[in-house]
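The values are calculated or read from the model by the stated rules, or taken from the named source; none is laboratory data. Small disclaimer: the values here were computed from a predicted structure and weren't measured. In this analysis, Cβ positions are derived from the backbone assuming ideal geometry, glycine residues included, and neighbour counts consider all displayed protein chains. Each accessible area value is taken on the protein alone, full model and side chains, heavy atoms only, with ligands, DNA and RNA left out. Shrake-Rupley method; radii C 1.70, N 1.55, O 1.52, S 1.80 Å.
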Amino acid sequence: MCGIVGYVGKERCVEVLMEGLRNLEYRGYDSAGLALAMPERGIETTKEVGPLDNLAGAIGEKYDDFFKVRVGVGHTRWATHGRPSEANAHPHTGGGAPAGGPEVAVVHNGIIENHAELREELRERGFEFRSETDTEVIAHLLAERVAAGEPLREALVGTLKRLQGSFAVAVMSAEEPGTIVAARHQSPLVVGLGEGENFLASAVQALLGNTRRFLFVENGEIAVLTDSSVEIQTLYGQPVERETFEVDWSAEELGLNGYEDFMLKEIHEQPAALQATLAGRLDTDGVVDLSELDFDFSGIERIVVVACGTAYHAGLLGKYAIERLARLPVEVAVASEYRYADPIGDESTLVVAISQSGETTDTLAAVEASRGFGARVLAVTNTQGSLLTREAEAVLLTKAGPEVGVAATKTFLTQVAALYLLALELAGRRGGLSGEQLSDVGCGLRRSPEKVEEALGLLEGRVGEAVGVFAGARCALFLGRGHLFPVALEGALKLKEISYLPAEGYPAGEMKHGPIALVDEQCPVVAVLGEGTLREKTLSNVEETVARGARVIAIAREDDAAAARVAQVTLPVPEMPEILSPLVSTVPLQLLAYHVAKARGLNVDKPRNLAKSVTVE
Ligand code: G6P
């Protein structure tokens, strides 16, 4: 939530900041702003409510000399304290006229929990507040110290020691126009390295068009950037030596490549994303090899998966596979609950933390909570070098490439595939199933990229009819059983995220205990039938909804006559070993959500109120 970016170097600051913000817009798009060190004029800020194009327009109108700027910071906001407005948009400033002293500007991602006390204290000392944000206290505290003669770094250190909460901040001062100082505690911050220029941002994606060389700033560290140097220290002044980290994502992956939206592009990238995630981890005989993890799997008696949102649904599918294949008990917990649950476990508990971004605050906190009982932690994430990778003993990287659409698609399928790999690894070690049985699943998993490709082909031109079923809908019910229940949950989440239609994902057998009351002609039922043992049971439940006027969309094999009989529309999926069928059954639900939202004229990549990465509690 909220993205920050900073640049110091050449006369292309505005271009770099705007490109950085564009690539960070997934973190929030309530407002955006820049603070620029204008040659001979000092710090000037420009802020606009709404999407980044508004800010770009305002900068173009305001300046004919913006191409001369060499230093600046920028921010894209997901509102926490104070509604989206120009006054609440970052950067926030302190000092300058009429307060006196050199002007400073601050961009912040995180939450200052003691902001009300600090605001009161500053008011008593005569500071006037211009916004309702928690961040503005940082600007005034900093300005006060700079006015008292402290260099910017020391002034920021002194300011940060007064703050409780989480932050990644970047600040600049009219007194030191060639410098940006940044620090972090709990919220992410990376420094990008260039030649005669240096960068900072909330995430590497912001800077891929400019550099692939990064330094990660850790909790409690402060970085000072000039055009020719980057110095990292702890808040207590100890110098830090940090190794450069090279990422293998490219700027091209952040483009639309001819697609109308990122979500559609990312749905179509799923075969390649699966391929990359499985490569080198599964041989031609379907035998899994996770030796890259260098992880001690011995003595594990129980698994707890912690995750949020879509990653939680992947965890539910992981539970199904691990329990079936490895016969190990798995608990799947919503991270924001688990962190406060005084969780139970011991050294034989493996905690699997799943997070696309690797920076979801609750997931990180859940990991920390599990440390209390001595858990071993394995991270499943798509983001190299993210906070989660540094908290875990081992990292099983999903290799989906950068995902821009706020609604997760390709990262979900790759998380599920990674969990299947883990299930096979654990099953192999525990020896419950024969090598042949495991190799059958492994071979099926190896074929999943082509099966997902096949699903995309089968669905081409077929989803429009299903969208017709949603005409006039006021809600929707997604039903599935067993391993297809999490698929139903994910389908419902996708639909509500981007089309704003209330949608329930429910175990089909539980539907009679409440949700069936929703059913009428305006509440379509999406039935994830698949194939296998529970298909018949789900079908009976669907019949019950049809008897009450429901219009049904079935996710089933093309030749499923029973599905065709109950459903207005069948969205076909190819044949797949039962346990792996969520990989193909998810695809029609993603496309359904996408096309329903498009038919409603909505922005699928940036749904209202959401942010892709939730870095506050
Ligand atoms: C937000 C996103 C979801 C995502 C969830 C967890 O809610 O909109 O798409 O599933 O956060 O994010 P993570 O990065 O931890 O997977």
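Some points to look at:
- Calculated FRET efficiency for the pair Glu61/Glu120, C-beta based, R₀ 45 Å, to 0.05: 0.75
- Mean Cβ neighbour count within 10 Å, used as a protection proxy, ranking 14-25, 283-294 highest first: 14-25, 283-294
- Assigned charges on the beta-carbon of Lys, Arg, Asp, Glu; the range 459-617 dipole about Cα centre (debye): 520 debye
- For the range 94-166, the fraction of C-alpha pairs farther apart than 14 angstrom is 55 percent.
- Given charges at Cβ of Lys, Arg, Asp, Glu: the chain dipole, positive-most of Gly532, Ala341, Gly401: Gly532
- Under a 5 Å amide H cut-off, with hydrogens placed 1.01 Å from N, Leu571 pairs with Ala554, Ile555, Ala556 among residues at least 5 apart or on other chains.
- Between Lys512 and Arg429, the modelled label-to-label distance comes to 4.3 nm, taking each label 7 Å out from Cα in the direction of the beta carbon.
- Residues Val287 and Glu347, FRET efficiency given R0 of 45 Å [Cβ-Cβ distance, rounded to 0.05]: 0.95
- Ellipticity estimate at 222 nm from DSSP helix runs (n ≥ 4, -39,500 (n - 2.57)) divided over the chain, nearest 500: -10500 deg cm²/dmol
- Computed in the context of the full set of protein chains, the accessible area of the chain at 1.4 Å probe radius has 47% of its extent on carbon or sulfur.
- Antiparallel beta bridges, as assigned by DSSP with both residues in the range 257-446, represent about 5 percent of the total such bridges.
- Ranked by the mean number of other Cβ atoms within 10 Å of their residues, highest first, the peptides 478-484, 424-430, 557-563 fall in the order 478-484, 424-430, 557-563.
- Each peptide in 167-176, 218-227, 495-504 was scored by the mean count of other Cβ atoms within 10 Å over its residues; highest first, the order is 167-176, 495-504, 218-227.
- Alpha-carbon centroids, the range 146-220 and the range 1-23: separation in whole Å: 13 Å
- Å² of accessible area per residue within the range 459-617, as computed with a 1.4 Å probe and no ligands counted: 36 Å²
- Our note on the geometry: Cα centres of the range 322-375 and the range 546-617, 29 Å apart.
- Pairwise centroid distance, computed over Cα atoms, of the range 481-529 with the range 400-422, Å: 22 Å
- The range 3-252 - accessible surface per residue (Å², probe 1.4 Å): 38 Å²
- Extension reserve of the Glu11-Ala564 stretch, reckoned as 0.36 nm per residue once the Cα distance is removed: 192.8 nm
- To the nearest ten degrees, helix 448-459 and the longest principal axis of the Cα atoms of the chain are 80 degrees apart.
- For Val526, the amide hydrogen comes within under 5 Å of the amide hydrogens of Leu477, Phe478, Leu479, Ile553, counting only partners 5 or more places away or on other chains and with H modelled in the peptide plane.
- DSSP-defined beta bridges in the chain - what % are antiparallel, rounded to 5: 60 percent
- Spin-label model distance (nm) - Arg600 vs Glu450, 7 Å beyond Cα toward Cβ: 3.8 nm
- Modelled label positions at Glu575 and Gln437, each set 7 Å beyond Cα in the direction of Cβ, lie 2.2 nm from each other.
- For the range 58-146, the set of GluC sites (Glu not before Pro) satisfying both a DSSP loop assignment and a count of at most 11 other C-beta atoms within 10 Å is given as Glu128.
- Here the dipole of the range 321-458 is about 320 debye; that uses its Cα centre as origin and unit charges on the Cβ of Lys and Arg (positive) and Asp and Glu (negative).
- Cβ charges +1 (Lys, Arg) and -1 (Asp, Glu), total dipole of the chain, debye: 1080 debye
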